[in-house]
Amino acid sequence: MKRQLGAVLAAIVLIIVRAATQSVSAPELKAAYLFNFTKFVEWPADAVTGAEPLALCIVGDDGVADALEQTIKGQTVQGHGLAVRRLGSGAPLPACHVLYLAGSDQKRWRDGAGLLDRRSVLTVSDAARFAQTGGMVELSLERGRMQIAVNTDALQRANVRLSSRVLALATIVRDVPHP
């Protein structure tokens, strides 16, 4: 596990360095984070069964979906293949292990958040305040660096565990009560 963590952290550092030299686009950077999150998530046994692939669902950002398809090509995580599923804004949510919602698709998030509350799906978005409003992982680019905010309340509700090593790199937030 230490060797795998070292390799993943080295890959993230390389991506950050490449992003700083502007050879990595924002969608490629987000795709790299999505892929690497799968390595540090623990889903309940009934959420990942048999040899089924881990489904990484993307809503509202074809650039991230394209980059993710390239990133995961030929990769496996925890003995599972990986599959990218592109979802239209009005489409029902299929079985997903990771759900990335583009910041521009927040209406869908607000409408469907209750449906995801008890499903073991790691939710990720680049929308401002996503983590504070019930999402699990919020990505934001600040001064050329990717920042991560993680809502531990949302992780607990969905029975999804994110490695303490990832949590150590993130800003931890809690649910903000609705007025």
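The values are calculated or read from the model by the stated rules, or taken from the named source; none is laboratory data. Because the structure is a prediction, the values reported are computed rather than measured. Note that we place each Cβ from the backbone using ideal geometry, even for glycine, and neighbour counts take in every protein chain shown.
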| task | With respect to Leu116, determine if the residue is under 17 Å from Asp153 (Cα atoms), buried (at least 19 other Cβ atoms within 10 Å of the Cβ) and either modelled with pLDDT under 95 or within 17 Å of the chain's Cα centre (by Cα) (or both). | result | yes
| note | Cβ pairs under 6 Å, 6+ apart or interchain, first in the stretch 144-168 and under 13 Å from Val41 (Cα atoms), second buried (at least 16 other Cβ atoms within 10 Å of the Cβ) and among the polar types (S, T, N, Q), ordered by first then second residue, are Ala158/Ser120; Asn159/Ser120; Val160/Ser120
| request: Might you let me know whether the stretch 148-160 holds any residue that is more than 23 Å from Ala31 (Cβ to Cβ), in a strand (DSSP E or B) and modelled with pLDDT of 95 or more? | output: no
| field | the stretch 128-139 residues that are surrounded by fewer than 20 Cβ atoms within 10 Å (Cβ to Cβ), paired with ones that are outside any helix (DSSP H, G or I) (beta carbon under 6 Å, 6 or more apart) | value | Gln132/Val173; Gln132/Val176
| query | When you go through (1) closer than 21 Å to Ala127 by Cα; (2) surrounded by 13 or more Cβ atoms within 10 Å (Cβ to Cβ); (3) at pLDDT 90 or above one by one for Leu54, which number turns out not to apply? | reply | (1)
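Tell me, yes or no, whether the stretch 83-94 has at least one residue that is surrounded by 11 or more Cβ atoms within 10 Å (Cβ to Cβ), over 17 Å from the mean Cα position of the chain (by Cα), modelled with pLDDT under 65 and farther than 18 Å from Leu122 by Cα. It would help to see each step written out before you state the result.
Going residue by residue through the stretch 83-94, those that are surrounded by 11 or more Cβ atoms within 10 Å (Cβ to Cβ) are 83-87, 89, 91, 93.
When the remaining residues are screened for being over 17 Å from the mean Cα position of the chain (by Cα), the result is 89, 91.
From what's left, modelled with pLDDT under 65: none.
Scanning the stretch 83-94, I find no residue that is surrounded by 11 or more Cβ atoms within 10 Å (Cβ to Cβ), over 17 Å from the mean Cα position of the chain (by Cα), modelled with pLDDT under 65 and farther than 18 Å from Leu122 by Cα, so the answer is no.
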